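Data block below; observations after.
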């Protein structure tokens, strides 16, 4: 039953997830993610992030699509707490004013290769501030993901990261449960008619 299923039952174990050393560049992280997507089984939802590891191979964070985008404009981190701003409903006009006033994306067109080659994964990674325990139920994990407004969350056993829980895997699980229950209900309905 969905409400009693544990995070560890649907998480992607850390061994199956692409990792990159913290001193790698953004280019190397994008290449690693690209290769992981290409070599994943076709039925496997695509990877959207790489896990960042230290010298000892311990996971210290993750770099996903949003981090790649933020990394292209390093001025953001010097001017704003983007994580807090993202939780506030900002008007399009206000966002455009910030863009112009602070000369964000100062070089248009931008030399993506040189920018991405100069950015270290350590500087753009999302740290492990938010995680779920492997024995938490899926409803509790969903609640946390909604509250944190994230697409994936690291899974821990004690203090050790053992996997990643992705919204795509949660949606697949929800879809499977709903379709199974709906089919069951439809069969019962046909029986009673």
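Among the residues making up the range 138-149, none is buried (at least 19 other Cβ atoms within 10 Å of the Cβ) and part of a loop (DSSP other than H, G, I, E, B).
Applying the set (1) surrounded by fewer than 18 Cβ atoms within 10 Å (Cβ to Cβ); (2) modelled with pLDDT of 65 or more; (3) within 19 Å of the chain's Cα centre (by Cα) to residue 86 leaves exactly one unmet item: (2). In the range 1-24, of all residues being under 18 Å from the mean Cα position of the chain (by Cα) and assigned to a loop (DSSP other than H, G, I, E, B), the one that is surrounded by the most Cβ atoms within 10 Å (Cβ to Cβ) corresponds to 11.
Of the candidates 185, 122, 179, the single residue that is part of a helix (DSSP H, G or I), more than 18 Å from residue 7 (Cα to Cα) and modelled with pLDDT of 90 or more is 122. Taking (1) in contact with a strand residue (DSSP E or B) (Cβ under 7 Å, 6 or more places away or on another chain); (2) part of a helix (DSSP H, G or I) in turn, residue 27 satisfies each apart from (1).
State all residues of the range 156-168 that are within 19 Å of residue 44 (Cβ to Cβ) and either buried (at least 18 other Cβ atoms within 10 Å of the Cβ) or in contact with a helix residue (DSSP H, G or I) (Cβ under 7 Å, 6 or more places away or on another chain) (or both); if no residue qualifies, say none.
Start the filter on the range 156-168 by keeping residues that are within 19 Å of residue 44 (Cβ to Cβ), which leaves 162-168.
162, 163, 164, 165, 166, 167, listed by residue number.
The values are calculated or read from the model by the stated rules, or taken from the named source; none is laboratory data. Quantities reported herein were computed from a predicted structural model and do not represent experimental measurements. Cβ: placed from backbone, ideal geometry, glycine included. Neighbour counts: every protein chain shown.
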